[in-house]
Amino acid sequence: MDLILKAFWFLIAIGILVPVHEWGHYRVARACGVKVLRFSIGFGRVLWSRVGRGGTEFAISSLPLGGYVRMLGMSDDPVAPHEREQAFSHRPVYQRAAILAAGPAANWLLAILLFAAVAWLGSEQPKALLGTPPGASLAERAGLHAGDWVRAVSSDGQQWDDVESLPDLQAAVARAQALGETLYLSVTDTRGRASRSLRLETERLAGRTAGPQLFNDIGLTPLAEPLIREVSPGGPGAAAGLLAGDRVLAIDGQAVPDASFLRDAIRRAHDGDQPRAMTWRVERAGQTVELAPTPRIVDDAGQRIARLEIGVGSPLERVSVSYGPVEGLWRGAQQSWDMASTTVRLIGRMLIGEASVKNLSGPLTIADYAGQSAQAGLAPFLDFLAKISMSLAVLNLLPLPMLDGGHLMYHLFEGLSGRPVSEWWQRQLQRAGALILMLMMALALSNDVARFAGWH
């Protein structure tokens with residue numbers, strides 16, 4: 001049932017984003033006087049169609065993973081003399097370029113509006129309060145402590161961007177790590193006093209794939225009380241007598257200040273492949289109880305760690321984040337630009353081997369995120385749609401012959417040289433572009449399978 005829901009929300013997302021992209025091509029083509037023969041959602045056999053304004057056939061086809069707008073004069077089909085002025089191939093080069101750019105532009109505009117809608121709706125988000133950083137993590141090296149409140153971030157220590165919430169901080173950290181850049185943090189205590197600046201060496205983890213171990217190595221964990229939230233039946237925690245609601249006071253005689261310290265202590269409770277018994281002092285219903293849990297050793301992303309199979313941490317302190325009409329629209333534009341520039345730079349780093357190709361995601365990962373965001377609420381789903389729409393805009397602008405960006409390169413060449421790219425070269429470039437796209441799709445799909453199988 002969960003897979004069906006994820007597939008449903010994935011198709012909903014595709015059903016919104018693809019028509020917007022094709023609508024961009026369609027509207028600008030019509031504005032330039034080009035006759036549009038077919039506006040199709042999906043590829044392959046036509047399942048439903050009707051003829052609309054201007055003689056355009058609007059269709060839904062059998063393969064719902066994309067769409068296309070077919071215009072008069074875009075293929076080798078002959079163009080009748082009386083229709084030459086309506087043919088794409090007979091329009092000025094700037095109009096042809098505008099028609100091609102309109103699809104990605106529509107996705108970009110949609111992303112801005114969706115990001116803005118999320119800002120206008122507002123939401124309750126975890127505050128950027130940090131717990132005890134795990135041992136040997138970047139956060140510990142930077143000098144962060146339990147109770148630090150991150151107020152702003154910077155890539156150079158000069159120009160600072162405010163941090164409204166924990167998701168803001170996590171996005172900035174993920175961006176810096178993916179691009180191999182240092183991130184500077186401006187932090188205060190929990191009351192907003194004693195401001196200081198710290199240097200988080202995210203460039204040390206450049207090229208690493210996102211995952212639990214990466215996040216642990218960075219070490220920016222939210223501040224939460226050291227409470228036992230849940231205990232899995234049959235697990236080592238349950239066997240030791242731990243109960244939901246227990247507050248952990250000390251482990252092996254050392255005070256436990258927060259949930260992050262507690263998680264790290266559990267993970268490290270082993271000597272190689274041998275678990276190490278711990279002595280716990282917990283508070284239960286006003287009474288102090290002594291327990292001696294022994295964890296189970298498991299493999300986590302290639303590392304051996306200890307687990308008690310319990311959930312820890314109190315609910316996080318939250319803040320209300322919302323923006324006015326103009327401020328929200330500006331934030332939407334800024335988020336879309338940041339995402340576009342980050343994506344382009346990340347692709348460049350992957351091409352020269354400075355970033356892992358494991359960062360590529362395919363339809364399975366996108367479907368998984370679609371389902372998770374839809375279950376989380378309207379604002380998270382709109383944020384997901386905005387990110388996918390922005391990704392489609394950037395992807396389609398890549399200079400590959402099968403994409404809009406590749407055709408724009410043809411028109412750039414024609415505009416500069418005064419002559420079109422020869423048919424021979426177009427055929428060769430189309431073959432090369434198709435091969436590159438197939439390799440990218442295969443790599444993205446293999447990354448999806450590896451993620452779900454736990455190989456990454």
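List of remarks:
- Comparison of Leu408, Leu398 shows that the only residue that is surrounded by 15 or more Cβ atoms within 10 Å (Cβ to Cβ), modelled with pLDDT of 90 or more and part of a loop (DSSP other than H, G, I, E, B) is Leu398.
- Identity of the residue in the stretch 199-212, at pLDDT 75 or above and either more than 9 Å from Glu181 (Cα to Cα) or in contact with a Phe, Trp or Tyr (Cβ under 9 Å, 6 or more places away or on another chain) (or both), that ends up surrounded by the most Cβ atoms within 10 Å (Cβ to Cβ): Leu200
- Criterion violated by Ser373 - all others in (1) modelled with pLDDT under 90; (2) among the polar types (S, T, N, Q); (3) crowded, with 20+ Cβ neighbours inside 10 Å satisfied: (1)
- Residues satisfying the stated conditions in the stretch 42-67, i.e. part of a strand (DSSP E or B), in contact (Cβ under 8 Å) with a residue 24 or more places away in the chain and surrounded by fewer than 19 Cβ atoms within 10 Å (Cβ to Cβ): Phe43, Pro64, Leu65, Gly66
- Among the residues of the stretch 145-159, the ones that are under 19 Å from Leu262 (Cα atoms) and touching a strand residue (DSSP E or B) at 6+ places or on another chain (Cβ under 6 Å) come to 1 in all.
- Of all residues in the stretch 140-168, exactly one satisfies the criterion of being within 14 Å of Gly219 (Cα to Cα), under 24 Å from the mean Cα position of the chain (by Cα) and modelled with pLDDT under 95, namely Leu166.
- Every residue from the stretch 112-161 that is charged (D, E, K, R), within 19 Å of Glu181 (Cβ to Cβ) and in a helix (DSSP H, G or I): Arg141
- The set of residues from the stretch 90-140 being surrounded by fewer than 18 Cβ atoms within 10 Å (Cβ to Cβ) and under 30 Å from Leu200 (Cβ atoms) comprises Gly122, Glu124, Gln125, Gly135, Ala136, Glu140.
- All positions within the stretch 22-41 that are in contact (Cβ under 8 Å) with a residue 60 or more places away in the chain, over 19 Å from Asp77 (Cβ atoms) and touching a strand residue (DSSP E or B) at 6+ places or on another chain (Cβ under 7 Å): Glu22
- The set of residues in the stretch 326-344 that are under 30 Å from Leu400 (Cα atoms) and touching a helix residue (DSSP H, G or I) at 6+ places or on another chain (Cβ under 7 Å) comprises Gly332, Ala333, Gln335, Ser336, Met339, Ala340, Thr342, Thr343, Val344.
- Of the listed requirements (1) modelled with pLDDT under 90; (2) under 21 Å from Arg208 (Cα atoms), Pro363 misses just one: (2).
- The test for being under 27 Å from Gly362 (Cα atoms), out of contact with any strand residue (DSSP E or B) (no Cβ under 6 Å at 6 or more places or on another chain) and either at pLDDT 95 or above or assigned by TED's automatic domain parsing to the domain that holds Ala333 (or both) holds for Ala117.
The values are calculated or read from the model by the stated rules, or taken from the named source; none is laboratory data. Note that the coordinates shown come from a computational prediction; the quantities given were computed from them, not determined experimentally. Virtual Cβ from ideal backbone geometry, glycine too; neighbours counted across all protein chains shown.
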